[in-house]
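Following: one structure in structure tokens, then a few remarks.
Rule-based calculations on the coordinates, nothing more; no lab input. Every value quoted in this text rests on a predicted model; they were computed, and no experiment measured them. Ideal geometry is used to build each Cβ from the backbone, glycine not excepted, and the neighbour counts take in all protein chains shown.
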Amino acid sequence: MPTGFHVLIAAQFVSGLADNALLIVTIARLDELGAPLWWAPLLKLGFTLAYVLLAPFVGALADAWPKARVMFVSNGLKAGACALLVAGGDPLLAFTLAGIGAAAYSPAKYGLVTELLPPARLVAANGWIEVCTVGAILLGTALGGLLVSPSAQT
């Protein structure tokens, strides 16, 4: 696989790791604020709705701009969501902003794969992306748990 693909895999891993750690940290922030328990599922709803509502537009955006730039800007939105949360902003808004970034990131990621690799390598490449994503989900959840654990608070 070319170097560009390895960079893409690394970016996907870090992005997925951050998304899942942010979810756990945001749930903990809701708890700190004394928010009702039913608000926690709203985090995932806002994140997922961003995918559904933006789906007609983000593919065209990924085709119109260089895909690496779309991915960079998308991760910038996610970083902005983290900054908003750290600054004491609304957790639901922060995680929805992360969802908007993730929604724009996804078509750019898959489009970039087709630019980096020949058709014969796409099945293997998609396999690597999925393995990387699942690993990032698991480790991101664990990282989020560590970040909000009592031992991290000291």
Please sort 90-101, 51-62, 74-85 by packing, taking for each peptide the average over its residues of neighbouring beta carbons within 10 angstrom, highest first.
90-101, 74-85, 51-62
Would you kindly derive the ³J(HN,Hα) couplings of segment 2-12 from the backbone phi angles with the Karplus curve 6.51 cos²θ - 1.76 cosθ + 1.60 (θ = phi - 60°), listing them in order in whole Hz, with x for Gly and Pro?
x, 4, x, 5, 5, 5, 4, 4, 4, 5, 4
Pairwise centroid distance, computed over Cα atoms, of segment 106-154 with segment 17-64, Å
16
Using a Gaussian network for the chain with springs between C-alpha atoms less than 10 Å apart, which of these wobbles most: GLY34, GLY16, GLY46?
GLY34
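To the nearest 20 debye, what is the magnitude of the charge dipole of the chain about its Cα centre, counting +1 on the Cβ of each Lys and Arg and -1 on the Cβ of each Asp and Glu?
Numbers: 7 positive and 7 negative charges, 49 e Å.
Roughly 240 debye, rounded to the nearest 20.
How would segment 73-154 be classified by its alpha-carbon gyration tensor: rounded, prolate or oblate, with rounded meaning a/c under 1.5 and the a/b versus b/c comparison settling the rest?
Values: a/c = 3.92, a/b = 1.70, b/c = 2.30.
Taking the square roots of the gyration eigenvalues as a ≥ b ≥ c, segment 73-154 is oblate.
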Among TYR105, VAL131, ALA120, pick out the residue whose Cα is farthest towards the positive end of the charge dipole of segment 3-146, where Lys and Arg carry +1 and Asp and Glu carry -1 on C-beta, about the Cα centre.
ALA120
With an 8 Å Cα cut-off and a minimum separation of 6 or more residues, compute the relative contact order for the chain in percent.
41
Quick one: what are the phi-derived ³J(HN,Hα) couplings along segment 16-22, Karplus 6.51/-1.76/1.60 with θ = phi - 60°, whole Hz, x for glycine and proline?
x, 4, 5, 4, 6, 5, 4
Pick from ALA68, ALA35, ALA50 the residue whose mean-square fluctuation is largest in a GNM of the chain, springs joining Cα atoms under 10 Å.
ALA35
Mind listing the phi-derived Karplus ³J(HN,Hα) values for segment 72-83, rounded to whole Hz, using 6.51, -1.76 and 1.60 with θ = phi - 60°, and x for any glycine or proline?
5, 5, 4, 5, x, 4, 5, 5, x, 5, 5, 4
